[in-house]
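For reference, the structure is listed below as structure tokens.
The values are calculated or read from the model by the stated rules, or taken from the named source; none is laboratory data. Note that the coordinates shown come from a computational prediction; the quantities given were computed from them, not determined experimentally. Cβ placement follows ideal geometry from the backbone for every residue including glycine, while neighbour counts extend to all protein chains displayed.
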Amino acid sequence: MIPEMKLFGGTSNPSLTLEVCDYLGFEPGQIMAGTFSDGETQVEIRENIRGKDVFVLQSTSTPVNDNLMQLLIIMDALRRASAKRVTAVIPYYGYGRQDRKVKPRVPISAKLVADLITVSGANRVVSMDLHAGQIQGYFNIPVDNIFAAPILLKYIQDHFNDHLVIVSPDAGGVERARAFAKRLDASLAIIDKRRDAPNISRAMNIIGEVEGRNAIILDDMVDTAGTLTQAAVALKSRGCSEVYACCTHPVLSGPAIKRIEASPINKLVVTNTIPLKPDAEASGKIIVLSVAEILGETIKRIYNSHSVSTLFV
């Protein structure tokens with residue numbers, strides 16, 4: 001029991017909040033989070049947190065705006081209740097893909113969200129596998145970008161043989177795929193992807209040797225699964241024995257589940273940074289790994305002022 005620490009969870013991922021609290025050895029903080037009849041977010045902290053080190057766990061996943069607004073209001077309530085320090089633990093950082101101006105007259109929404117989180121009372125932020133590392137620089141407070149890599153690597157080592165090729169679905173994910181390939185002593189391949197519009201992409205070419213190997217497509221998230229399933233088809237056409245996929249954040253919006261079920265992907269391994277929707281839970285292709293231990297250990301180390309980076313050496 002850590003008497004000066006409190007962990008509160010929003011409504012986006014209550015099961016993960018309970019798992020993290022179980023790892024830390026105490027009950028989650030008492031909070032009421034809901035909505036008024038007109039749809040406004042309603043929050044009430046139902047215990048004394050004056051002078052305490054407080055953590056708020058909330059993924060800004062679907063419904064993104066509701067969950068984001070709830071996170072901001074919870075932190076404002078904690079700040080006004082005289083918490084000593086408020087840390088926003090955001091396993092999945094919504095709006096992370098809008099991290100730069102890709103064309104004229106568009107916002108940089110990831111920066112706007114960072115400003116909102118800071119102004120609402122956060123003294124520190126913890127997130128997992130940010131879509132773009134530079135998002136850390138959008139904050140003027142400390143940010144810990146932690147990784148699901150240890151969990152995914154262990155699963156791959158325990159369940160796959162030596163004939164592996166790690167595949168990056170686009171040029172932006174090469175660094176991540178190369179790091180996995182090095183740890184697993186596997187080869188590396190890259191999909192040359194052309195994107196015609198948001199959430200619409202077309203896999204064009206494969207760079208690397210994949211014939212006769214078991215391919216593992218690696219990405220930080222899977223949204224509509226268009227890129228993922230097209231990559232799987234391209235890999236099979238080039239002679240891959242089996243195709244698997246690993247990602248941290250299972251956004252799985254729109255036609256994602258139908259596409260995955262109809263694709264040559266054998267298994268999709270994800271984490272519980274975002275709770276699965278009912279159709280995803282029913283899928284026999286999706287395997288969920290828990291990030292509760294990594295989040296719990298990160299929270300403990302932040303509270304005790306110990307190194308977080310050594311978790312991922």
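Going through (1) closer than 30 Å to Asn304 by Cα; (2) surrounded by 21 or more Cβ atoms within 10 Å (Cβ to Cβ) one by one, Ser82 falls short only on (2). With a requirement of 3 or more residues that are surrounded by 15 or more Cβ atoms within 10 Å (Cβ to Cβ), the helices (runs of 4 or more DSSP H) lying completely within the stretch 203-308 that satisfy it span 226-237, 256-262, 292-303. Scanning the stretch 31-57 for residues that are in contact with a Phe, Trp or Tyr (Cβ under 8 Å, 6 or more places away or on another chain) and not β-branched (Val, Ile, Thr) gives Gln42, Asp53, Phe55, Leu57. Taking residues in the stretch 219-243 that are more than 21 Å from Ile156 (Cα to Cα), and partners anywhere that are part of a strand (DSSP E or B), the pairs with Cβ atoms closer than 6 Å and at least 6 places apart or on different chains are Gly226/Ser201; Thr227/Ser201; Gln230/Ala203; Ala234/Ala203; Ala234/Ile206; Arg238/Ile206. Of all residues assigned to the stretch 54-75, none qualifies as being farther than 17 Å from Pro14 by Cβ and of a type in the set (D, E, K, R). Scanning the stretch 268-310 for residues that are among the hydrophobic types (A, V, I, L, M, F, W, C), at pLDDT below 95 and within 27 Å of Leu68 (Cβ to Cβ) turns up just one, Ala280.
Residue-wise test of (1) touching a residue at least 24 places away in the same chain (Cβ under 8 Å); (2) more than 18 Å from Tyr244 (Cβ to Cβ); (3) out of contact with any His (no Cβ under 9 Å at 6 or more places or on another chain); (4) among the aliphatic types (A, V, I, L, M).
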| position | (1), (2), (3), (4) |
| --- | --- |
| Gln136 | no, yes, yes, no |
| Phe139 | yes, yes, yes, no |
| Asp144 | yes, yes, yes, no |
| Phe147 | yes, yes, yes, no |
| Gln157 | yes, no, yes, no |
| Phe160 | yes, no, yes, no |
| Leu164 | yes, no, yes, yes |
| Val167 | yes, no, yes, yes |
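Taken together, the residues in the stretch 287-307 that are farther than 15 Å from Met128 by Cβ and in contact (Cβ under 8 Å) with a residue 12 or more places away in the chain amount to 3. Tell me which residues, restricted to the stretch 24-42, are of a type in the set (Ser, Thr, Tyr) and buried (at least 17 other Cβ atoms within 10 Å of the Cβ). The one that is of a type in the set (Ser, Thr, Tyr) and buried (at least 17 other Cβ atoms within 10 Å of the Cβ): Thr41.
Residue by residue, here is whether (1) of a type in the set (Gly, Ala, Ser); (2) more than 21 Å from the chain's Cα centre (by Cα); (3) in a loop (DSSP other than H, G, I, E, B) holds:
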site	(1), (2), (3)
Thr11	no, no, yes
Glu19	no, no, no
Phe26	no, yes, yes
Met32	no, yes, no
Gly39	yes, yes, yes
Gln42	no, yes, no
Arg50	no, yes, yes
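Just a yes or no: is a residue in the stretch 63-73 free of Cβ contacts under 8 Å to residues at least 40 places away in the same chain and among the acidic types (Asp, Glu)? Among the residues of the stretch 63-73, at least one is free of Cβ contacts under 8 Å to residues at least 40 places away in the same chain and among the acidic types (Asp, Glu), which makes the answer yes. When restricted to residues that are within 21 Å of Val291 (Cα to Cα) and either out of contact with any His (no Cβ under 6 Å at 6 or more places or on another chain) or of a type in the set (S, T, N, Q) (or both), the stretch 96-126 contains 3. Scanning the stretch 68-79 for residues that are surrounded by fewer than 22 Cβ atoms within 10 Å (Cβ to Cβ) and either within 20 Å of Glu27 (Cβ to Cβ) or under 15 Å from the mean Cα position of the chain (by Cα) (or both) turns up just one, Ala77.
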